[in-house]
Amino acid sequence: MEILYQNLLQITWQQVVMWVIGGILIFLAIKKEMEPTLLLPMGFGAILVNLPLSGAKETLSVLFDAGIANELFPLILFIGIGAMIDFTPLLTNPKLMIFGAAAQFGIFFTLFIASFFFDIKDAASIAIIGAADGPTSIFVANILGSKYLGAIMVAAYSYMALVPIVQPPIIKLCTTKKERCIKMHVQGNQVSKLTKILFPIVVTIIVGLVAPDAVALIGFLMFGNLIRECGVLNSLSETAQKVLANLVTIFLGITISLKMVAEEFLALDTLLILGLGLIAFVFDTFGGVMIAKIMNIFLPEGKKINPMIGAAGISAFPMSARVVNKLGLEEDNQNFLLMHSIGVNVSGQVASVIAGGLILNFFR
Amino acid sequence: MNFINHTVLQAGAETGIKFGYDAEKFLKALSVMGMGMLGIFIITGVIILSVILLNKITSPKKRNKNTP
């Protein structure tokens with residue numbers, strides 16, 4: 001008889017708290033549709049690993065060693081992400097990449113702030129939340145040996161889902177109504193198929209030469225993109241975008257929950273990491289907007305940039321681009337910023353990988 | 001911090017937070033911030049120039065006015 005209830009006696013209140021947290025993540029995923037592909041597996045996994053003497057930990061450890069400890073899952077996922085991205089809006093107007101670069105300011109600013117609270121490698125791992133890119137965050141945090149992987153992932157994916165809530169107030173605070181109403185003309189330049197094919201190769205070589213630790217990240221991303229753009233591998237492209245990406249996402253989400261064991265997760269550190277993650281996103285937005293405002297000082301009337309598009313440089317694709325477009329339409333219902341904001345948004349994906357590679361260069 | 005550790009933080013692991021000013025860490029973080037942003041802009045600049053060059057090289061040549 002005792003065998004039926006002895007496990008119940010092992011339940012701790014900390015585990016119950018984690019069940020609640022898991023439930024909240026599942027609720028946010030289903031009811032609010034916030035990044036359901038990751039939050040739901042993470043939420044359920046948090047419940048799995050926080051049951052007393054949970055047998056799931058062993059299986060998840062196998063998956064963790066197979067795919068996350070060696071950074072394999074995030075890299076394979078990047079193939080799928082690369083295959084999904086259309087860089088045409090960026091190739092039409094490559095200067096938009098400046099905003100993608102500026103929107104990584106939050107990463108480095110957060111690193112500086114986090115260094116007051118954590119040792120420098122942990123600070124760097126936490127700062128990479130600002131990359132707004134799950135695979136990059138996992139990759140960098142894992143290589144730097146951070147013990148905060150669970151908190152970092154929860155923060156990264158939660159804030160990515162909260163972009164429509166986090167970004168607008170920051171954008172409005174940093175811009176005037178007149179600036180938000182600036183109209184930008186769509187450039188009608190055509191991009192050749194050869195450019196679309198050479199772009200992933202050229203970017204991989206440039207980034208790889210400067211930041212060798214980023215070769216895997218940028219390489220897998222651009223490999224996916226090359227499969228898409230080459231025109232002769234349509235079935236592989238489709239597989240990468242759908243089946244491969246979905247398969248890896250399933251494993252990634254539930255495996256990350258291994259780091260959400262109550263003993264590791266319920267700490268003041270986790271709260272602080274969540275706070276620092278928010279700072280990273282806020283200053284990413286700030287950085288992107290401010291670079292546009294600075295550029296406008298030198299640009300003549302008629303050629304000014306709507307500074308809101310700078311905020312789309314955060315790598316949360318395509319949500320950030322849509323947020324900026326929506327804000328533009330709110331100010332002036334004839335002001336369509338989507339083409340520009342999408343171009344900036346995809347450049348943010350590349351820039352976040354570059355930032356991740358530079359962080360590894362500095363601290364590995 | 002010890003008070004927090006022993007009371008509020010009975011929930012989980014001992015905190016890894018080490019709040020304080022460390023001149024060496026401060027300067028290292030500041031230099032990484034500066035070099036990181038500079039690095040991103042430089043690499044981005046090179047990529048922008050490469051794309052502009054690619055677009056110029058691969059764009060269809062404009063017809064000469066005299067060509068029928």
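Here are a few things to note about the model shown:
- Viscosity 0.890 mPa s, temperature 25 °C, Stokes-Einstein D of the stretch A:1-55 from Kirkwood C-alpha radius, µm²/s: 206
- Basic side chains Lys and Arg get +1 at the Cβ, acidic Asp and Glu get -1 at the Cβ, and with that the dipole of the stretch A:166-218 about its Cα centre reaches some 460 debye.
- Applying a DSSP loop filter and a limit of 15 other Cβ atoms within 10 Å to the GluC sites (Glu not before Pro) in the stretch A:1-80 leaves A:Glu33.
- Karplus-derived HN-Hα couplings along the stretch A:156-173 (A = 6.51, B = -1.76, C = 1.60, θ = phi - 60°), whole Hz, x at Gly and Pro: 4, 6, 5, 5, 4, 6, 8, 3, x, 9, 6, 6, x, x, 5, 4, 5, 5
- Considering only the Cα atoms of the protein assembly as shown, their convex hull presents on average a projected area of 25.0 nm².
- Using a simple spin-label model with pseudo-atoms 7 Å out from Cα toward Cβ, A:Leu72 and A:Thr37 lie 2.1 nm apart.
- Projecting the Cα atoms of A:Asn142, A:Ser341, A:Val202 onto the dipole axis of chain A, where Lys and Arg carry +1 and Asp and Glu carry -1 at the beta carbon, places A:Ser341 farthest toward the positive end.
- For the protein assembly as shown, a crude dipole built from +1 on the beta carbon of Lys and Arg and -1 on the beta carbon of Asp and Glu, taken about the Cα centre, is about 2100 debye to the nearest 20.
- When the charge dipole of the stretch A:2-363 is built from unit charges on Cβ atoms (+1 for Lys and Arg, -1 for Asp and Glu) and taken about the Cα centre, the candidate among A:Ala211, A:Leu48, A:Phe286 whose Cα reaches farthest toward its positive end is A:Phe286.
- Within the listed set A:Val215, A:Val350, A:Val191, the residue fluctuating most in the Gaussian network model of chain A (springs between alpha-carbon atoms under 10 angstrom) is A:Val191.
- Beyond 18 Å, the tail of the calculated P(r) for the stretch A:1-146 holds 72 percent of the Cα pairs.
- At an R0 of 51 angstrom, the distance between the Cβ atoms of A:Val210 and A:Leu4 translates into a FRET efficiency of 0.25.
- With 5 Å bins from 0: P(r) over the stretch A:321-364, alpha-carbon pairs, percent: 6, 22, 18, 14, 12, 9, 9, 6, 3, 1
- Peptide A:117-124 has a mean of 4 when you count, residue by residue, the C-beta atoms of other protein chains within 10 Å of its C-beta.
- Eligible lysines near B:Lys25 by straight Cα distance, threshold 19 Å, same-chain separation 8 or greater: A:Lys121
- Projecting the Cα atoms of A:Ile24, A:Leu299, A:Gly231 onto the dipole axis of chain A, where Lys and Arg carry +1 and Asp and Glu carry -1 at the beta carbon, places A:Leu299 farthest toward the positive end.
Any read-out appearing in this document is the output of simple, stated calculations on the displayed coordinates, not a laboratory observation. Since this is a predicted model, take the numbers as computed values, not measurements. Reconstructed Cβ throughout: ideal geometry from the backbone, glycine too, with neighbour counts over all protein chains shown.
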